[in-house]
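The block underneath contains the structure these notes are about, expressed in structure tokens.
The values are calculated or read from the model by the stated rules, or taken from the named source; none is laboratory data. On a predicted model such as this, the values are computed, not experimentally measured, just so you know. Cβ sites come from the backbone with ideal geometry, for glycine too, and all protein chains shown count toward neighbours. Each accessible area value is taken on the protein alone, full model and side chains, heavy atoms only, with ligands, DNA and RNA left out. Shrake-Rupley method; radii C 1.70, N 1.55, O 1.52, S 1.80 Å.
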Amino acid sequence: MLAAGEESHVRLRSYYYPLWKATILGPCERRETATSQAPDGTLLVSVPPESCEIEVVFTEPPRTAISLIISGRRLDVCLDFVTIESFKT
């Protein structure tokens, strides 16, 4: 919980990447807020002057899940082939 004060930024101990999404959880509302990169490469989150909580989530794009499924299946096929070949010898 962040106390009320001036509008500012909170620096998180995680490196910035555009897929980080920050949400302000206020007493009566829930809204997305801006994230940016600090000079040292860490993640900055804009916070409002009123007291609130912040939820920060990293969301993988769909292409990542698809590529993991494809590469996992290819690995399964390769392992099956190695297993079959080892039984033949």
List every residue pair whose Cβ atoms lie under 9 Å apart, where the two residues are 6 or more positions apart in sequence or sit on different chains, the first residue falls within the range 48-72 and is more than 22 Å from SER14 (Cβ to Cβ), and the second residue, located anywhere, is open to solvent by 60 Å² or more (accessible area, probe 1.4 Å) and among the acidic types (Asp, Glu). PRO49/GLU6; PRO49/GLU7
Please enumerate the residues belonging to the range 35-61 that are open to solvent by 60 Å² or more (accessible area, probe 1.4 Å), part of a loop (DSSP other than H, G, I, E, B) and in contact with a strand residue (DSSP E or B) (Cβ under 8 Å, 6 or more places away or on another chain). THR59
Selection count where residues are in contact with an Asp or Glu (Cβ under 8 Å, 6 or more places away or on another chain) and of a type in the set (D, E, K, R), scope the range 8-66: 1
Just give me the residues in the range 23-36 being over 14 Å from SER8 (Cα atoms) and either of a type in the set (Ser, Thr, Tyr) or under 14 Å from the mean Cα position of the chain (by Cα) (or both), in sequence order. THR23
